[in-house]
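The values are calculated or read from the model by the stated rules, or taken from the named source; none is laboratory data. The structure displayed is predicted, hence computed values, not measured ones. With ideal geometry, Cβ positions are generated from the backbone for all residues, glycine too; neighbour counts draw on all protein chains shown.
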Amino acid sequence: MWRGNPLRNEGAAMKPTGNQILAEFFRCSAHILNDSDALERILAGGIEACGLGLVSLNSHCYDPIGITSIAVISESHIAIHTYPEAHHASVDIFTCSRGNEKSQHLLHYLEEKLMPATTRVVEVSRGNPLEVSRTNWITDDNSATGFDVRYRVDRELFSGLSRYQDIKVIENQDFGRMLFLDNDLQIAERDAWLYNEAMVSPVRGKLNDLSSVAILGGGDGGVLYELLKLNPGSVSVIDIDEEVIRVARTYLESICHSAFEDERVNIVLADVFEYLDGSHQFDAMIYDLTMHPESFIVMDREDYLNQLFMKMKEDLKSQGVVSLQCASEYDQKTTALVEKLLNRHFSSVKMDKKLIPSYGSMWMFASCIKT
């Protein structure tokens, strides 16, 4: 609902001043959902608690079961449609406020009263343009493959912007806690060990000579935790984004444990492209960075990766081992590019793949040796 002159010019832009939350409540109490008096008390109580200003409230009971309760409020309307036979309620909260604080408050109030086991939410900005601004899903949009992977958000634990990227930590009923950077899944609690083991496995052959290891990226701490089991002399974690490490320490302890606090670990906040300058001599390197750096580089991807692999070689000792994550097995262009570049600079190049369930596909890993 918008206030203003209804006779304004047709070509004038309509500014979005409405906020609408559409929520689905699953597995609620069937008794409450078929009690119109109880629903009206809950709705009126929530409107008062949130300061939304009740104008009128009416309900209709369907035969044989189900209720629609609609409240007109000073800023628009709120509706609850119930399906007691399915223990389900559909909630519509529409206000003219520019912010969504009152709407969110009311949503949480209704959750407390109707006690759904699960809630799915879509938040829409109404007006011109019409925009969906929040949903209970995160879509990992991988333009290098012919499909996207969508993850349900059962609970959002953290959402914020660092200097470099958008960071989110969510809970998902199947994969536990999950870390996303710019909506790209990095690691999931339930199968992190599969990814971390695949990354560290090529380094195991140097157990007698692991005085110094570098992890390029690795801000979630999972690969670091797995590597420390090999008892290396020292480990340098080179990651540009301090906020990712802070978030991992706070929300992903089941993945990183206390790895960042280990006395053998040196955290280097730097761009690996600048850090690798030939002055370091590592026994092994683990590449835990993206193979799609297009969003932050100003050169051709192949040129960038070619130069980066050259830098890695210069900072490795003779017979030093490199382990890398590559891409989904369906991203054949990237896999072929990585294999070509590694063979240009290293020997004994091996490509392997392993199912990482949370990624939705087999994942390609590579290893090689500096000779």
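Residues in the stretch 89-129 that are surrounded by fewer than 20 Cβ atoms within 10 Å (Cβ to Cβ) and among the acidic types (Asp, Glu) were compared, and the one that is farthest from residue 39 (Cα to Cα) is 101. Scanning the stretch 87-109 for residues that are within 21 Å of residue 152 (Cα to Cα) and hydrophobic (A, V, I, L, M, F, W, C) yields 89, 91, 107.
Of all residues in the stretch 279-290, those being part of a loop (DSSP other than H, G, I, E, B) and within 16 Å of residue 224 (Cα to Cα) number 1.
The residue pairs whose first member lies in the stretch 151-165 and is touching a residue at least 24 places away in the same chain (Cβ under 8 Å), whose second member is of a type in the set (A, V, I, L, M, F, W, C) and part of a loop (DSSP other than H, G, I, E, B), and whose beta carbons are closer than 6 Å, counting only pairs six or more residues apart or on different chains, do not exist in this structure. So which residues in the stretch 324-358 are in contact with an Asp or Glu (Cβ under 9 Å, 6 or more places away or on another chain), closer than 14 Å to residue 144 by Cβ and surrounded by fewer than 21 Cβ atoms within 10 Å (Cβ to Cβ), if there are any at all? Result: 335, 337. With respect to residue 69, determine if the residue is at pLDDT below 95, under 25 Å from residue 122 (Cβ atoms) and hydroxyl-bearing (Ser, Thr, Tyr). Taking the combined requirement at face value, the residue does not satisfy it.
For the stretch 55-68, state whether one or more residues are buried (at least 18 other Cβ atoms within 10 Å of the Cβ) and either among the polar types (S, T, N, Q) or within 31 Å of the chain's Cα centre (by Cα) (or both). No. Give the stretch 78-114 a look and list any residue that's under 17 Å from residue 24 (Cα atoms), not small (Gly, Ala, Ser) and not in a helix (DSSP H, G or I), or say none. Passing the criteria: 78, 80, 81, 82, 83, 87, 88, 91, 92, 93, 94. Of all residues in the stretch 120-139, those that are out of contact with any Phe, Trp or Tyr (no Cβ under 6 Å at 6 or more places or on another chain), modelled with pLDDT of 80 or more and in a strand (DSSP E or B) total 9. Residues in the stretch 140-172 that are touching a Phe, Trp or Tyr at 6+ places or on another chain (Cβ under 8 Å), at pLDDT 90 or above and not in a strand (DSSP E or B): 153, 164. Residues in the stretch 209-233 that are more than 20 Å from residue 186 (Cβ to Cβ) and of a type in the set (Gly, Ala, Ser): 211, 212, 233.
Count of the stretch 33-54 residues, restricted to those that are in contact with a strand residue (DSSP E or B) (Cβ under 9 Å, 6 or more places away or on another chain) and crowded, with 17+ Cβ neighbours inside 10 Å, is 10.
For the subset of the stretch 197-210 comprising residues that are modelled with pLDDT of 95 or more and of a type in the set (Gly, Ala, Ser), which member is surrounded by the fewest Cβ atoms within 10 Å (Cβ to Cβ)? Among them, the one singled out is 201.
Could you grab me the full set of residues in the stretch 233-275 that are under 22 Å from residue 178 (Cα atoms), without any contact (Cβ under 8 Å) to a residue 12 or more places away in the chain and of a type outside the set (Lys, Arg)? Within the stretch 233-275, 253, 258, 261 qualify. As a summary of the residue check, residue 185 satisfies the conditions (1) exposed (fewer than 14 other Cβ atoms within 10 Å of the Cβ); (2) modelled with pLDDT of 85 or more except for the one numbered (1).
In this structure, does residue 261 turn out to be farther than 17 Å from residue 160 by Cβ, out of contact with any His (no Cβ under 8 Å at 6 or more places or on another chain), buried (at least 16 other Cβ atoms within 10 Å of the Cβ) and modelled with pLDDT of 95 or more? The answer is no for residue 261.
In the stretch 228-278, which residues are part of a loop (DSSP other than H, G, I, E, B), among the polar types (S, T, N, Q) and in contact with a helix residue (DSSP H, G or I) (Cβ under 9 Å, 6 or more places away or on another chain)? Answer for the stretch 228-278, where residues must be part of a loop (DSSP other than H, G, I, E, B), among the polar types (S, T, N, Q) and in contact with a helix residue (DSSP H, G or I) (Cβ under 9 Å, 6 or more places away or on another chain): just 258. Here are 135, 139: which of them is within 30 Å of residue 328 (Cβ to Cβ), loosely packed, with under 14 Cβ neighbours inside 10 Å and not aliphatic (A, V, I, L, M)? Among 135, 139, only 139 is within 30 Å of residue 328 (Cβ to Cβ), loosely packed, with under 14 Cβ neighbours inside 10 Å and not aliphatic (A, V, I, L, M).
Conditions (1) outside the structural domain of residue 163 (by TED's automatic domain parsing); (2) assigned to a helix (DSSP H, G or I); (3) touching a residue at least 12 places away in the same chain (Cβ under 8 Å); (4) more than 18 Å from residue 200 (Cα to Cα), marked per residue:
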residue: 303; (1), (2), (3), (4): yes, yes, no, yes
residue: 334; (1), (2), (3), (4): yes, yes, yes, yes
residue: 339; (1), (2), (3), (4): yes, yes, yes, yes
residue: 355; (1), (2), (3), (4): yes, no, yes, no
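Filter the stretch 146-175 down to the residues that are buried (at least 18 other Cβ atoms within 10 Å of the Cβ) and farther than 14 Å from residue 247 by Cβ and list them by number. 151, 153, 172, 175, listed by residue number.
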